[in-house]
Amino acid sequence: MEKKIRIAAAGDNCVDVYDKEGKAFPGGNPLNVAVYVARLGGESTYVGAVGTDSYGKMMIDAIKGKGVDVSHLKVLDGNTAVTHVEIVDGDRILGEYEEGVLADFKLNKDDIDFLCGYDMVVSGLWGMCENELPALKEKGAVIAFDFATKLDDPVVGIAIPYVDYAFFAIDDKDDDEIKSFMMEMHKKGPKVVVVTRGEKGSMAYDGKDFYSYGIVACDVVDTMGAGDSYIAGFLYAVCQGKNIPDAMADGAKNSSITISYFGAW
């Protein structure tokens, strides 16, 4: 029997509220990855925090409904995180972010021990986990981290030495600038640095070679979750033992599925 891929996600979640449409969808970078891993057939867990409000209950029910383990999900007194979203020509424009109970979220020793039982641990820039990465790494965790578009955020300097697979989103620089940045980041610790570039596809660097991959064409409905889908597809492939080009292809394929419907999942 083939071994099941097990990927843990830790950090932020939020309810994406589309004010004009009067709709709300569960989401958040690491949480999205956990959901997409389950969609790919893997076993995933999400460690984070929701509030005691109605959005918190909605979030828990939605996560369970996608087959993601919530045994270490915390319910804290207060409001679940919310991001206000507007759709403009198929692209999602992120508005005000209300952090809610995530401001008080932190991984404890039990969480860290639990996460290290998985093949890989995924977190991100807003996940409040960067200071616990050394403890995860010390226990042997393979760590992936999404730095999104925030290339100069202080979290980059804190987290990057402990990250195995570093993801960034850059669509406003040319190839040479991006390659220079990727080389700089690789020197700080990661085994592989990946940059997603929207319609331009993605690039990866392993310290020796640069790789490029395009996109999988599809009808775009909503780009919410596109990058997280790519990350999930890429990391799932890595855990399967696939090489970098194949992982990039799987990432692009998984992303094309997500952007063909409304909301992250």
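The values are calculated or read from the model by the stated rules, or taken from the named source; none is laboratory data. Since this is a predicted model, take the numbers as computed values, not measurements. Neighbour counts are summed over all protein chains in view; Cβ atoms, including those assigned to glycine, are modelled from backbone coordinates with ideal geometry. The accessibility values were calculated without ligands, DNA or RNA, using every heavy atom of the protein model including side chains. Shrake-Rupley method; radii C 1.70, N 1.55, O 1.52, S 1.80 Å.
Going by average Cβ neighbours within 10 Å, how do the peptides 189-197, 128-136 rank, with the highest at the top?
Peptide ranking by packing, descending: 189-197, 128-136.
Given a 1.4 angstrom probe, what's the average accessible area per residue across the chain, in square angstrom?
With all protein chains present, the chain gives 44 Å² per residue.
Express the carbon and sulfur contribution to the solvent-accessible surface of the chain as a percent, rounded to the nearest whole number, probe 1.4 angstrom.
Reported share for carbon and sulfur atoms: 49 percent.
From the phi of every residue in segment 49-55, what ³J(HN,Hα) in whole Hz does the Karplus formula 6.51 cos²θ - 1.76 cosθ + 1.60 yield, where θ is phi - 60° and glycine or proline is x?
Once θ is set to phi - 60°, the couplings for segment 49-55 become 9, 10, x, 8, 7, 5, 5 Hz.
Across segment 19-139, what fraction of all alpha-carbon pairs, as a whole percent, falls in each successive 10 Å bin from zero upward?
P(r) for segment 19-139, in whole percents per bin: 12, 42, 35, 10, 1.
As an exercise, find the ratio Rg/Rh for segment 167-214 from alpha-carbon atoms, using the Kirkwood inverse-distance average for Rh.
Answer for segment 167-214: 0.92.
Pulled fully out, how much extra length does the chain show between residue 20 and residue 93, if you take 0.36 nm times their separation in residues and subtract their Cα-Cα distance?
That works out to 25.1 nm of additional length.
Show the residues, 5+ positions off or on another chain, whose built amide H is closer than 5 Å to the amide H of residue 128.
Counting only residues 5 or more places away or on other chains, the set is empty.
Sequence-distant or interchain residues sharing an amide H contact under 5 Å with residue 43, placed H: which?
Answer set, sorted by chain and number: 5, 6, 7.
Which lysines, if any, have their Cα less than 29 Å from the Cα of residue 20, not counting same-chain residues under 8 positions apart?
57, 64, 66, 150
Out of 25, 181, 167, any idea which swings most in a Gaussian network model of the chain, alpha carbons joined below 10 Å?
With Cα springs under 10 Å in the chain, the top fluctuation among 25, 181, 167 is at 181.
Build a GNM of the chain with springs between Cα atoms under 10 Å: which of 144, 247, 169 gets the top mean-square fluctuation?
In this elastic network of the chain, the residue with the biggest mean-square fluctuation among 144, 247, 169 is 169.
Tell me, what ³J(HN,Hα) does each residue in segment 126-131 have, in order and in whole Hz, if you take phi through Karplus 6.51 cos²θ - 1.76 cosθ + 1.60 with θ = phi - 60° and put x for Gly and Pro?
9, x, 6, 10, 4, 6
How far, in nm, would the chain grow between residue 58 and residue 253 when pulled straight, counting 0.36 nm per residue and subtracting the alpha carbon separation?
67.3 nm
In whole Hz, with x marking every Gly and Pro, tabulate ³J(HN,Hα) for segment 157-165 from phi via Karplus 6.51 cos²θ - 1.76 cosθ + 1.60, θ = phi - 60°.
In residue order, the calculated couplings are x, 6, 8, 3, x, 10, 9, 8, 10 Hz.
Given segment 45-104 reduced to its alpha-carbon atoms as identical point scatterers, what log10 I(q)/I(0) does the Debye formula return at q = 0.20 Å⁻¹?
Listed by q, the Debye log ratios stand at -0.80.
Radius of gyration and Dmax for the chain's Cα atoms, expressed in Å?
Looking at the chain, its Cα Rg and Dmax stand at 17.1, 49 Å.
Give me, ordered by chain and number, the residues 5 or more places off residue 18 or on other chains with an amide H under 5 Å from its own placed amide H.
When sequence neighbours closer than 5 places are left aside, the close amide H contacts are 23, 24, 25, 85.
Quick one: putting +1 on the C-beta of Lys and Arg, -1 on the C-beta of Asp and Glu, what dipole do you get for the chain around its Cα centre, in Debye to the nearest 20?
Rounded to the nearest 20 debye, it is 920 debye.
Looking at segment 57-109, which trypsin sites (Lys or Arg not before Pro) are in a loop (DSSP not H, G, I, E or B) and have at most 15 other Cβ atoms within 10 Å?
Qualifying residues, ordered by number: 106.
Could you let me know the centre-to-centre spacing of segment 229-255 and segment 152-217, using Cα atoms, in angstrom?
Each part's Cα centre sits 15 Å from the other's.
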